[in-house]
Amino acid sequence: MSTDSAQPLPLATRAPAKINLGLFVGALREDGRHQLASVMQSISLSDELTLELAAGGGDVVVCPGVSGPPQQNLAAAALQAFREATGWEAPPLQLRIDKRVPVAAGLGGGSGDAAAALRLAAAASGCGDEALLGELARGLGADVSAQVRPGRWLAGGAGELLQALPAARESFGILVLPAARGLSTAAVYAQADRMRSARGWVELEALHRALAEALGDGTALPAAKLLENDLQEAARVLCPEIDGALAQALGAGAEVALVSGSGPTVLGLFAGAAGPDRARAAARALAAERRAAGAPAALAAEPIRAPLPVAAHAGDLPIRHNWRA
Ligand code: ATP
């Protein structure tokens with residue numbers, strides 16, 4: 001493959017977290033994954049990734065804050081999959097991940113890092129178009145594909161059928177209330193299966209269509225009934241502190257409070273152009289209360305509405321991000 005457009009190292013990019021604007025869950029498929037209908041929205045809260053030449057033998061991922069051997073990091077698997085698929089023979093590389101997105105929190109942090117690693121490898125090698133990155137992403141995990149090009153995606157199937165939605169014309173604010181401990185996505189799905197009957201295929205199709213219609217013209221947020229999360233009750237059972245965070249978000253002025261993905265992070269949504277400022281003010285207002293309770297600091301974010309570049313230095317990346325109280 002041509003390396004004409006390869007960009008010199010070091011290269012940096014951001015890996016945005018994702019939230020689900022509506023998460024409707026159907027039956028378990030034969031492949032062990034659940035049918036779903038959802039909108040995946042990338043947000044400004046993001047990890048920062050830097051790819052550079054390594055001093056030693058093989059590729060290495062450095063990711064403080066994520067336990068387990070570095071080679072089990074999803075971003076390491078992404079780098080390896082990219083090398084195998086393209087035959088890219090770069091010298092050993094170091095991928096550094098500065099985690100800002102809470103881990104095992106229902107914010108798609110690991111998937112976002114894997115997708116960002118693919119973008120960095122493509123830029124550094126000059127190989128790999130979006131179709132190849134999409135294919136590699138599908139092999140890495142359910143949520144990775146939608147994060148290859150951070151933005152707003154309508155997801156169907158078991159999350160692998162993706163349709164691009166226009167960016168929100170107007171921003172909105174997102175108050176992010178992380179929990180002290182993470183939740184395993186598999187455990188939350190298993191708990192949900194025990195607690196509730198799956199939505200039928202016809203109902204899921206109708207919800208998928210309703211989300212497409214609600215957001216197809218760049219409307220910022222769907223109506224509250226489309227913002228439900230079918231995993232919320234299961235996450236609440238496994239992590240009772242969620243209830244306090246839902247109350248905190250509503251008490252701080254959010255129009256809607258919901259669990260993010262499989263939880264346990266709670267989101268408060270603030271509609272309208274003033275929403276981002278209101279979410280920041282809410283995070284500030286909750287700072288003392290959360291500190292006193294030993295809870296992680298509240299964060300504020302907004303949706304990503306413009307393409308995310310790969311840059312030579314992290315400081316060159318233009319989006320406002322990672323605001324914390
Ligand atoms: P999901 O994408 O299933 O919603 P999540 O957002 O709840 O997942 P992640 O932050 O992706 O959770 O972490 C899930 C697990 O993945 C962690 O417990 C960690 O062991 C593992 N992991 C592997 N690579 C990473 C990474 N780069 N960042 C965070 N976690 C990672």
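When we screen 101, 66 for residues that are under 30 Å from residue 242 (Cβ atoms), touching a Gly at 6+ places or on another chain (Cβ under 7 Å) and either away from the ligand (no atom under 11 Å from the Cβ) or among the β-branched types (Val, Ile, Thr) (or both), the only hit is 101.
Has segment 240-247 got at least one residue that is assigned to a loop (DSSP other than H, G, I, E, B) and away from the ligand (no atom under 16 Å from the Cβ)? So that I can check it myself, show each step before the final result.
Initial filter on segment 240-247 (assigned to a loop (DSSP other than H, G, I, E, B)): 240.
Still in the list and also away from the ligand (no atom under 16 Å from the Cβ): 240.
Taking every residue of segment 240-247 in turn, at least one turns out to be assigned to a loop (DSSP other than H, G, I, E, B) and away from the ligand (no atom under 16 Å from the Cβ).
Taking residues in segment 220-249 that are without any contact (Cβ under 8 Å) to a residue 60 or more places away in the chain, and partners anywhere that are part of a strand (DSSP E or B) and surrounded by fewer than 20 Cβ atoms within 10 Å (Cβ to Cβ), the pairs with Cβ atoms closer than 9 Å and at least 6 places apart or on different chains are 224/256. The set of residues in segment 106-144 being within 8 Å of the ligand (Cβ to nearest atom) and touching a strand residue (DSSP E or B) at 6+ places or on another chain (Cβ under 8 Å) consists of 106, 107, 108, 109, 111, 112, 113, 143.
Within segment 297-313, the set of residues being crowded, with 17+ Cβ neighbours inside 10 Å and either β-branched (Val, Ile, Thr) or farther than 28 Å from residue 219 by Cα (or both) comprises 304, 310, 311.
Kindly provide the set of residues from segment 69-98 that are aromatic (Phe, Trp, Tyr) and either in a loop (DSSP other than H, G, I, E, B) or within 11 Å of the ligand (Cβ to nearest atom) (or both), ordered by number. Scanning segment 69-98 gives a single hit, 88.
When you check residue 263 against the structure, is it at pLDDT 95 or above, of a type outside the set (A, V, I, L, M, F, W, C) and outside any helix (DSSP H, G or I), yes or no?
On the way: at pLDDT 95 or above: yes; of a type outside the set (A, V, I, L, M, F, W, C): yes; outside any helix (DSSP H, G or I): yes.
Against the criterion (at pLDDT 95 or above, of a type outside the set (A, V, I, L, M, F, W, C) and outside any helix (DSSP H, G or I)), residue 263 qualifies.
Only residues that are surrounded by fewer than 21 Cβ atoms within 10 Å (Cβ to Cβ) and either small (Gly, Ala, Ser) or farther than 17 Å from residue 115 by Cα (or both): list them for segment 77-92, please. Spell out the reasoning first.
Our first condition is that a residue be surrounded by fewer than 21 Cβ atoms within 10 Å (Cβ to Cβ); within segment 77-92, this holds for 77, 80-81, 83-92.
Of everything in segment 77-92, those that are surrounded by fewer than 21 Cβ atoms within 10 Å (Cβ to Cβ) and either small (Gly, Ala, Ser) or farther than 17 Å from residue 115 by Cα (or both) turn out to be 77, 81, 85, 87, 88, 89, 90, 91, 92.
The values are calculated or read from the model by the stated rules, or taken from the named source; none is laboratory data. Note that the structure is predicted; figures quoted are calculated from it, not measured. Positions of Cβ are generated from backbone atoms using ideal geometry, with glycine treated the same way; all protein chains shown enter the neighbour counts.
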